[in-house]
1. Among 326-332, 87-93, what's the highest-first ranking by average C-beta atoms within 10 angstrom per residue?
2. Kindly write out, for region 9-20 in residue order, the coupling ³J(HN,Hα) from the Karplus curve 6.51 cos²θ - 1.76 cosθ + 1.60 (θ = phi - 60°), rounded to whole Hz, with x marking Gly and Pro.
3. When 1/r is averaged over all different Cα pairs and the result inverted, which Kirkwood radius in Å belongs to the chain?
4. Just to be sure I understand: of the beta bridges DSSP finds with both ends in the chain, what percent are antiparallel, rounded to 5?
5. How much accessible area per residue does the chain have, in Å², with a 1.4 Å probe?
6. I need the phi-derived Karplus couplings for region 101-109: 6.51 cos²θ - 1.76 cosθ + 1.60, θ = phi - 60°, integer Hz, Gly and Pro marked x.
7. Quick one: pull the percentage of alpha-carbon pairs in region 220-473 with a separation above 25 Å.
8. Take the solvent-accessible surface of the protein heavy atoms, probe 1.4 Å, and return the percent of it on the chain that carbon and sulfur atoms account for.
Amino acid sequence: MPDTNSESGLSPLQVMLIAPLAGALVTLSLAPFDIWPAGIVSCALLAWLLSTCTPRQGLWRGWLYGLGMFGSGVSWVYVSIHEHGYAPVPLAATLTALFCAGLAIFHGLFGWLYVRLVRPLPGGMLMGLPLLWVLLEWLRSWILTGFPWLLLGYAHVDTWIAGWAPIVGVFGLSFICALSGSCLFLAWRSRQPVAIATYGVMVLTLWAGGGVLKPIQWVALASEQPLRIAIYQPNVPQEHKWDRDYYLPILRQLERETSALLGHDILVWPEAAVPNYYQNARGFLDPIDARARMSDTTLVTGIPYRAGNNQGAHNSILALGAGSGVYHKQRLVPFGEYVPLENWLRGLIAFFDLPMSSFSPGPAGQPPLQAGAFRVAPYICYEIVYPDLVASTARHADLLITISNDSWFGDSFGPLQHLQMARMRALENGRYLIRGTNNGISAIIDHRGHIVEATGQFVETSLVGEAQTMLGRTPFGSFGSAPVIIGCGLGLGLMYLMYLAFWREEN
């Protein structure tokens with residue numbers, strides 16, 4: 001609820017203006033804006049907002065901060081609901097607002113926990129804020145299937161601290177970013193030269209350490225001979241995708257453009273490139289499979305797949321031609337691929353009856369696909385944003401492939417955020433990543449997270465280039481986020497023990 005006093009010197013109206021704007025700065029730090037210092041300033045402002053308030057005020061201020069962050073950063077949800085879910089403008093706006101308000105609860109919880117339990121601890125305002133921030137980001141990444149979007153660390157895929165990513169992953173970068181914000185706030189509050197210098201040295205050490213680590217080669221080339229890669233981006237309009245009148249034209253388009261791309265080592269079609277179940281599309285796919293095999297090409301395509309033994313249907317990736325294997329998507333998108341509370345919501349509005357919204361999740365521990373002699377770790381759309389899901393399979397693969405249909409995002413910055421997260425996965429795991437999408441941005445990303453080749457958006461085109469297979473693992477590839485998350489939990493626990501043993505007794 002709103003502030004009832006002005007301990008921090010701010011009126012309730014000022015809080016209602018400043019807190020959401022502070023949260024929106026996180027969005028400015030990320031793609032497509034890439035103003036990375038904005039994320040650090042955002043954390044400093046949050047530390048200031050929570051520096052003197054009560055726990056109840058912290059809950060309110062944290063929620064407002066989260067509302068500004070998600071309201072600006074995931075506004076593309078409106079496009080999916082209105083343009084592709086056919087919800088009228090007022091309903092689409094309401095559902096989008098509810099979605100953002102629900103996500104903001106995580107930051108409300110952060111505000112309450114920080115003020116109530118963490119701020120009073122010794123070093124709570126310096127180390128407690130970044131430690132708690134990372135734990136809440138991690139919690140958001142898995143609870144209720146997770147929504148690991150807008151993590152602070154993604155803004156730094158190109159900065160000095162990117163050198164830490166192969167060791168500590170995106171959550172570790174979030175910690176460095178949040179700690180930098182804490183130091184900025186405390187230096188401003190102190191205004192003492194010694195304190196300013198101390199906080200400055202702390203931040204500079206972390207950033208310079210990233211710069212020193214950045215040139216390190218954690219992995220090695222498996223072969224001097226690169227793989228020849230082709231990606232076909234069909235740019236099929238979303239409204240045509242599942243319209244039966246367009247089914248045969250889509251197949252003809254795929255067949256026509258694929259003919260010129262056979263002969264590459266790997267050819268990638270996007271998510272659900274064939275808008276039919278694999279079992280129903282064999283008449284189209286089997287001849288292409290044979291042609292790809294004769295050309296020594298592995299065709300990797302997204303396609304719905306009916307599982308046997310009454311296991312339901314899956315959103316899947318299939319390897320044909322010189323490759324083999326099938327992968328069923330594990331992390332499904334609510335409402336896009338399955339409907340929570342299906343018995344209650346089906347039929348209420350068109351958004352709850354989208355085509356192919358009755359998928360079942362695939363099992364954990366699925367093996368990589370084979371592309372000739374190489375192992376390829378596959379991910380479908382939303383899955384690439386889960387750091388530990390990617391790491392768990394990337395460590396057993398020579399190459400990463402993700403396919404997507406970002407048509408759902410329309411002309412928003414959702415696809416650019418999605419691409420930025422894919423780049424982080426390549427950097428964390430030290431693997432080339434091939435990204436094939438329906439309408440862009442398709443790309444070849446190297447093992448350092450740099451874009452080697454990329455397409456434009458909203459165009460039918462083909463991308464050809466080269467990718468290297470890599471040997472070895474990064475530290476993050478071996479251990480995932482566990483060391484950082486456990487370290488943050490232990491750090492808060494140690495601070496609390498120190499408080500119980502010394503601080504509380506002295507005060």
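The values are calculated or read from the model by the stated rules, or taken from the named source; none is laboratory data. Note that the structure is a prediction, hence the values are computed from the model and not measured. Neighbour counts run over all protein chains shown; Cβ positions are idealised from the backbone, glycine included. Heads up: the accessible areas ignore ligands, DNA and RNA and are worked out on the full protein's heavy atoms, side chains in. Shrake-Rupley method; radii C 1.70, N 1.55, O 1.52, S 1.80 Å.
1. Numbers: 326-332: 21.7, 87-93: 14.4.
Result, highest mean Cβ count within 10 Å first: 326-332, 87-93.
2. With the stated coefficients, region 9-20 comes to x, 10, 7, x, 5, 4, 4, 5, 8, 6, 4, x Hz.
3. Details: mean 1/r = 0.0418 Å⁻¹.
With all distinct Cα pairs of the chain included, I get 23.9 Å.
4. Values: 32 of 50 bridges.
Looking only at bridges with both residues in the chain, the antiparallel portion is about 65 percent.
5. Numbers: 20250 Å² over 507 residues.
Result: 40 Å² per residue.
6. 5, x, 5, 5, 4, 4, 6, x, 4
7. On the way: 12307 of 32131 pairs.
When all Cα pairs of region 220-473 are counted, 38 percent exceed 25 Å.
8. Working: 12990 of 20250 Å².
Heavy-atom surface of the chain belonging to carbon and sulfur, 1.4 Å probe: 64 percent.
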